[in-house]
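This report refers to the structure that appears directly beneath it.
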Amino acid sequence: MDFTYLNNTLESWAIALAVLVGATLGMHALRRLALHKVQALAPRSPTMADDLVATMLCKTYLLIILILSAYLASLALELTTRQHLVISRIAIAALILQLAIWGDTLLRAWRDHEVAGDGRKTSRTIVCFLLRLTLWVVAFLMVLDNFGFNITALVASLGVGGIAVALAVQNILGDLFASLSIMLDKPFEIGDFIIVGDVLGSVEHIGLKTTRLRGLGGEQVIFSNGDLLKSRIHNHKRMETRRVAFVLRVAYGASDAQLTRVPQLIREVVEAEPMAAFERAHFFNYGEWSLNFEVVYHFQSPDYIGHMDTQQAILLEIYRRFEREQIRFAHPMSIVRMADGEAPPHPQAVQGAAGAFRH
């Protein structure tokens with residue numbers, strides 16, 4: 001008489017045991033082989049994908065492999081429908097748990113991965129926390145659904161509770177999502193020199209709720225992230241060139257030859273500077289007390305100190321050239337002409353007339 005246990009012969013149990021052992025050893029060996037290959041490839045790869053895969057493979061647990069192998073072994077046995085259902089549900093729950101562990105490991109590795117010049121660790125941490133929370137909530141709901149629980153009411157309760165919390169902390173959430181927007185879109189980074197309204201400064205810190213600038217006077221200026229993103233932001237660090245425009249005022253009385261010479265003289269001075277690209281110099285209008293020339297050039301670097309050094313060199317050289325060419329700079333003045341035989345006006349009146357032309 002053949003020995004049977006749970007309606008299966010000894011031969012069936014032997015086959016199931018062989019499948020269990022073989023599947024466990026096979027999956028474990030496959031994991032070790034894949035991990036060895038990825039770890040050997042990671043040092044030669046410029047991306048972090050290999051490191052992430054290796055970290056995920058290290059988080060593959062033997063217990064979950066055993067559960068999956070047990071499910072495969074159960075296929076060789078004659079079991080009741082209920083028994084098959086219980087085993088399959090346990091196997092699916094184990095698979096969901098393993099996938100959640102891999103996803104959690106991937107998110108934590110991304111959070112801890114340091115990038116040169118990346119000052120957004122706080123924002124990365126909160127993004128990672130929100131994604132991990134979402135991952136585990138979804139995994140938990142899937143496991144409950146797998147075991148036959150009705151999760152519809154639970155999901156509805158979570159939705160209502162989430163709306164209530166969102167309404168209570170909407171200002172904080174607004175700044176939080178603004179912080180995430182700054183992290184993802186990167187309109188500026190730590191160390192950038194930006195202008196927001198009438199505030200100029202370097203970005204010192206980008207937090208979950210606020211961003212802090214160091215003003216030109218040394219003071220710290222704090223913006224909420226929501227208000228900051230609603231403003232027009234000028235990021236000077238990302239400019240490639242600086243357009244420089246200024247006006248030279250020549251005194252009335254200059255000769256035609258001198259006026260004709262001025263644009264060419266300015267071109268020579270600007271083109272002599274290696275970082276300056278001359279655009280134009282024109283006699284563009286008659287002023288009340290000067291003949292006005294507009295000068296435009298481009299400084300080929302975003303460096304502000306370098307720009308000011310070049311501007312200074314250009315202005316000093318123009319002054320020297322004007323001295324040699326005997327071209328006089330204009331300055332605000334007024335001329336009062338007296339008619340012969342008329343009494344001079346009161347000194348205070350003359351002083352007031354002159355003062356009206358002074359800047």
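The values are calculated or read from the model by the stated rules, or taken from the named source; none is laboratory data. These figures come from a predicted structure and were not determined experimentally. Glycine gets a Cβ as well: all are built from the backbone with ideal geometry, and neighbour counts include every protein chain shown. Accessible surface is based on the protein model in full, side chains and every heavy atom, while ligands, DNA and RNA are left aside. Shrake-Rupley method; radii C 1.70, N 1.55, O 1.52, S 1.80 Å.
Taking LEU144, is it at pLDDT 85 or above and either β-branched (Val, Ile, Thr) or open to solvent by 50 Å² or more (accessible area, probe 1.4 Å) (or both)? The answer is no for LEU144.
Selection of the range 67-97 for residues being surrounded by fewer than 18 Cβ atoms within 10 Å (Cβ to Cβ) and either among the hydroxyl-bearing types (Ser, Thr, Tyr) or in contact with a Lys or Arg (Cβ under 8 Å, 6 or more places away or on another chain) (or both) yields THR80, THR81, SER88. Pairing residues of the range 265-288 that are among the basic types (Lys, Arg) with residues that are open to solvent by less than 60 Å² (accessible area, probe 1.4 Å), at Cβ distances under 8 Å and at least 6 apart in sequence or on separate chains, gives ARG267/PHE278; ARG267/ALA281; ARG280/GLU294; ARG280/VAL295; ARG280/VAL296.
Here the helices (runs of 4 or more DSSP H) wholly within the range 1-100 that include at least 2 residues being farther than 26 Å from ARG111 by Cβ are 10-41, 62-74. Residues in the range 302-328 that are more than 27 Å from ALA257 (Cα to Cα) and either surrounded by 15 or more Cβ atoms within 10 Å (Cβ to Cβ) or free of Cβ contacts under 8 Å to residues at least 24 places away in the same chain (or both): PRO302, ASP303, ILE305, HIS307, MET308, ASP309, THR310. Of all residues in the range 196-216, those satisfying the criterion of being in a loop (DSSP other than H, G, I, E, B) and over 22 Å from LEU184 (Cβ atoms) are GLY197, ASP198, LEU216. Counted as qualifying within the range 217-267 are the strands (runs of 3 or more DSSP E) with 2 or more residues that are open to solvent by 70 Å² or more (accessible area, probe 1.4 Å) and of a type outside the set (S, T, N, Q), namely 242-250.
Could you identify the single residue in ARG249, ARG238, ARG243 that is basic (Lys, Arg) and closer than 20 Å to ARG324 by Cβ?
Criteria check complete, one pass: ARG249.
Within the range 280-292, the presence of at least one residue that is in contact with a helix residue (DSSP H, G or I) (Cβ under 6 Å, 6 or more places away or on another chain) and not in a loop (DSSP other than H, G, I, E, B) is confirmed.
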